[in-house]
Amino acid sequence: MPVCARGWLRTLEGNVSDPSVAKYKAVVADVNAILYNEWAPIGCVGLLPDDEYEAYATRVVSMLVSGAGHDEIADYLAKAAASITGNPLPVTSVLPVARKLVGFRDAARTIAL
């Protein structure tokens, strides 16, 4: 992730101040791991780069910071998967993943975005 000259980490959702960078990266990595191993709309677990879904992970972290629940996250993941694959995906199919991701909400909400 590129760092701006003032020491701010630039993300898809805004800036993260320096003291929070390590925490932000850790939460994004945890969310990315779940997306990679359990959501994986392309279905190529282990064959794609580890950061294949990092852009989606940063969005999920932003949603968690905002207090999103599993229904909102499941809706986002279903729409994202449909845009990736071109096939509609029922929200119910991603609810188990969304429920796991909501487990990171407390950690995400301590990040200063």
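The values are calculated or read from the model by the stated rules, or taken from the named source; none is laboratory data. A quick note: this is a predicted structure, and the numbers were derived from the prediction, not measured. Reconstructed Cβ throughout: ideal geometry from the backbone, glycine too, with neighbour counts over all protein chains shown.
When the range 58-95 is examined, which residues are found to be loosely packed, with under 13 Cβ neighbours inside 10 Å, under 16 Å from residue 35 (Cβ atoms) and in contact (Cβ under 8 Å) with a residue 12 or more places away in the chain?
Result: 85, single match.
Could you look through the range 46-57, keep only residues that are buried (at least 20 other Cβ atoms within 10 Å of the Cβ) and not in a loop (DSSP other than H, G, I, E, B), and pick out the one that is nearest to the chain's Cα centre (by Cα)? Quick ask: steps written out before the conclusion?
If we filter the range 46-57 for residues that are buried (at least 20 other Cβ atoms within 10 Å of the Cβ), which is where we start, we get 53, 56-57.
Next cut, not in a loop (DSSP other than H, G, I, E, B) only: 56-57.
Details: 56: 5, 57: 2 Å.
Filtering the range 46-57 for residues that are buried (at least 20 other Cβ atoms within 10 Å of the Cβ) and not in a loop (DSSP other than H, G, I, E, B), the one nearest to the chain's Cα centre (by Cα) comes out as 57.
Only one of (1) under 13 Å from the mean Cα position of the chain (by Cα); (2) closer than 21 Å to residue 26 by Cβ is not met by residue 110, so which one is it?
With (1) under 13 Å from the mean Cα position of the chain (by Cα); (2) closer than 21 Å to residue 26 by Cβ applied to residue 110, the lone miss is (1).
Scan (1) over 21 Å from residue 109 (Cα atoms); (2) surrounded by fewer than 17 Cβ atoms within 10 Å (Cβ to Cβ) for the single condition residue 41 breaks and write down its number.
So residue 41 meets the others, but not (2).
How many residues are in a helix (DSSP H, G or I), within 23 Å of residue 87 (Cβ to Cβ), out of contact with any Leu (no Cβ under 7 Å at 6 or more places or on another chain) and of a type in the set (A, V, I, L, M, F, W, C) when one looks only at the range 27-44?
Of the residues in that region, 1 qualify.
Can you tell me which of (1) modelled with pLDDT of 85 or more; (2) crowded, with 19+ Cβ neighbours inside 10 Å is the one residue 111 doesn't meet?
(1)
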